1. Sort out which residues of the range 498-546 are among the aliphatic types (A, V, I, L, M) and either in a loop (DSSP other than H, G, I, E, B) or under 30 Å from VAL183 (Cβ atoms) (or both), and write them in order of number.
2. Identify the residue in the range 246-255 that is at pLDDT 85 or above and either part of a helix (DSSP H, G or I) or outside the structural domain of VAL304 (by the TED database) (or both) and, among all such residues, is most open to solvent (accessible area, probe 1.4 Å).
3. Taking the stated definitions as given, is ASP555 modelled with pLDDT under 95 and of a type in the set (Asp, Glu)?
4. Taking interchain pairs and intrachain pairs at least six residues apart, which have beta carbon atoms under 7 angstrom, with the first residue in the range 329-358 and charged (D, E, K, R) and the second open to solvent by 80 Å² or more (accessible area, probe 1.4 Å) and not in a loop (DSSP other than H, G, I, E, B)?
5. Output the number of the condition that THR528 fails; it satisfies all remaining conditions of (1) under 21 Å from PRO538 (Cα atoms); (2) at pLDDT 95 or above.
6. Could you please give the count of residues in the range 126-145 that are touching a Lys or Arg at 6+ places or on another chain (Cβ under 9 Å), among the β-branched types (Val, Ile, Thr) and surrounded by fewer than 21 Cβ atoms within 10 Å (Cβ to Cβ)?
7. Which pairs have Cβ atoms under 8 Å, sit 6 or more apart or on different chains, and link a residue in the range 497-524 that is within 26 Å of GLN403 (Cβ to Cβ) to one that is assigned to a loop (DSSP other than H, G, I, E, B) and among the charged types (D, E, K, R)?
8. Hand me the list of strands (runs of 3 or more DSSP E) wholly inside the range 256-368 holding 2 or more residues that are open to solvent by 40 Å² or more (accessible area, probe 1.4 Å) and farther than 20 Å from LEU240 by Cα.
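The values are calculated or read from the model by the stated rules, or taken from the named source; none is laboratory data. Small disclaimer: the values here were computed from a predicted structure and weren't measured. Here Cβ is always computed from backbone atoms with ideal geometry, including for glycine, and neighbour counts include all displayed protein chains. The area values use the complete protein model at the heavy-atom level, side chains included, leaving out ligands, DNA and RNA. Shrake-Rupley method; radii C 1.70, N 1.55, O 1.52, S 1.80 Å.
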Amino acid sequence: MASSARRKVKAKLQVSVVVILFLGTLLGESVKGSEDEQPVISYINREAAGKKILPDFASVQLGDSVPEQYRAAANRFAQLWKEHVTGIKGYDTVKDIPFTLIVPDKINESLFDGNEPKIREFLLEHVVPGALVEVKDQNTYLNLNQHPVHVNLSCFDMLMAYEINQSAKVLTKRNITENLSLVFIVGNLTESDVHSSSINKFNKRNIQETNRYNEPQRLEMKNFTKELASGKENRIGQHLMNFLAGMKSGTKVFQHFLSSSNLSHLMDDSSYMVFIPSDTAFQRWHPIDWGFYPFSVQEFTETVLRNHFVCTKQPLRMADLRTIQGEQRFKTLGGEYIVLKNKPSPNVNNVSVISDYTLSNGIEIFVISEVLFVSEAVVSRLHQMHKDKETPPLLAFPWFGAQFLSHSFLALERDTRFTQITRFLNTAEIAQFISGSNYTFFVPTDEAFERYSFDLLPDSVLASEKGIKMLLNHFIRGRLYDRDLKDGEVIDTIGGMPVKIQRTFENTVRVNSARIVESEVFVYNLGTMFYIDDVLYPDLLKDEVKAITDLKNVDRNVPDGIGASDAYTTEQNPPMTDRSTTTTFRSLYGLLTTNADVELVPLEVTESSKRNSDEDSAQFQDDEIITPKALPVRYFYNPKK
């Protein structure tokens, strides 16, 4: 009995162990599956996904429906479609379903080698069924090959533009019929590896959200120099950085740039010649007080550094250099060529070699008197491309503590399109809110102010609390670039009101209702201005504008027959002056009055009226203080005879 009981207990334990192992295996597979599970993607044209359908555009002349620069690409796509896709088995041609053709700017047919299935697959890759593709950030569709077509906003040559599958830049979109549209691209969709990877890749330029309004961020690249310079696997970086750290003076600028660069990932354990410009060589390009320093552009600095490294099997020593006949030519890591000569003295590209050092691992170091491949012409071109890097002169006027505001004001003052905003800036005291630098300023043109009659407002209104608030709604704390203005983004202004960015696939950008007419006007390295064609939050001053409008209605009560040539003034004996008596001037003069305060009086030019006028003038001289509300305002006019 005891042995039988023991056998039963043992059997139960074995069953329990098996069950536990089985459950553990299931749990492990479940966890692994959840880890490998890809995020669910919502395709806009999912209803048409998987259907074997083709667009019917045989009766449509694609080339005749698009601008001339896209005509050749459209016609070539249509010709290939007619030759290789029309009438293929297993597909139905439909007319009542929308399609989008993604047309490459160039199609290299030599890559197909006459392979019919390959050509057909290429064409189907560029057709999106069931939708007219909307070129908008993060929109995703499926093409006829059941591959994703993902639209995203990215940076090209420092400008924002749309791309498809992070490989093809969108040029434009054209709607041909109600069920057919064309999207023209640079490149093609078969060049992307998007099918085998997640579509949610990083953009080409990594704009960090924590610092997105400041200096442009570097390309997504790990800094190998700092991490590998101390590692055994990179003896080149280790020895070079140790050498530079041990130099008491003369090479500190080069050491600083090298430690901040990504150069070491290009270097292996081969032998190198390194040409190190002296600190004085870099100092030559540094502005004395203000100006453009070319080495503030990180990409340029990286390129310059690469052109000071030469990888060679046998480094040239100074003793060899002194004895060579003629010249020795080498290619740098940056792709440029340097020429070493010994006459009249040892030099590289005619730049004198100051001293040389041989490190234990075979690196030959030459300290030289100039920076190679940097000239006035190169710096001038670089300056035109990077105005945002230029340091400004220090201004004591108009606002010493607000350098961005001061330089913006002086720049706008020289432009005849911005007389109203400069008047506004000169009147409203906002320097305390825009102190220092690192700002973005949306600048309305004169036409924008005149659209709301803001040009009629007196200085007292512009300097009021509401006037200052409206002006501050045009400033953003932090420097924005064009690439930072992403569709749908909402940004808070210094005035407290938000502005919403709208960007179309043609790269038209709006800030609320205002369209940006000129982008990225750099105010040195202090901030950025964007010129816009509308005023932001104009309703803040609508009551003041209404007061002017109401006052203009006074003109309607002037007796019939009074023309613009008639005397129309608030004085019975107006002095002879060139000041106009237009409606604008009268409105400004009477802004503090209402219709009830205005009285229209015919002015009879008689001796009596002149006498009375003289007496009134004497009385006015005796009364030193008369407020605008103390007496009713009278408009006198000369009736026509």
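1. VAL499, ILE501, VAL509, VAL511, ALA514, ILE516, VAL517, LEU526, ILE532, VAL535, LEU536
2. Among those that are at pLDDT 85 or above and either part of a helix (DSSP H, G or I) or outside the structural domain of VAL304 (by the TED database) (or both), it is LYS252.
3. Answer is yes for this residue.
4. ARG329/TYR337; LYS331/TYR337; LYS341/GLU327
5. Only one criterion is unmet by THR528, namely (1).
6. Adding up the residues that qualify gives 1.
7. Short answer, once both residue conditions are applied: ALA514/ASP533; ALA514/ASP534; VAL517/ASP533; PHE522/GLU390; TYR524/GLU390.
8. Because the criterion is at least 2 residues that are open to solvent by 40 Å² or more (accessible area, probe 1.4 Å) and farther than 20 Å from LEU240 by Cα, the strands (runs of 3 or more DSSP E) in the range 256-368 that meet it are 327-331, 337-341.
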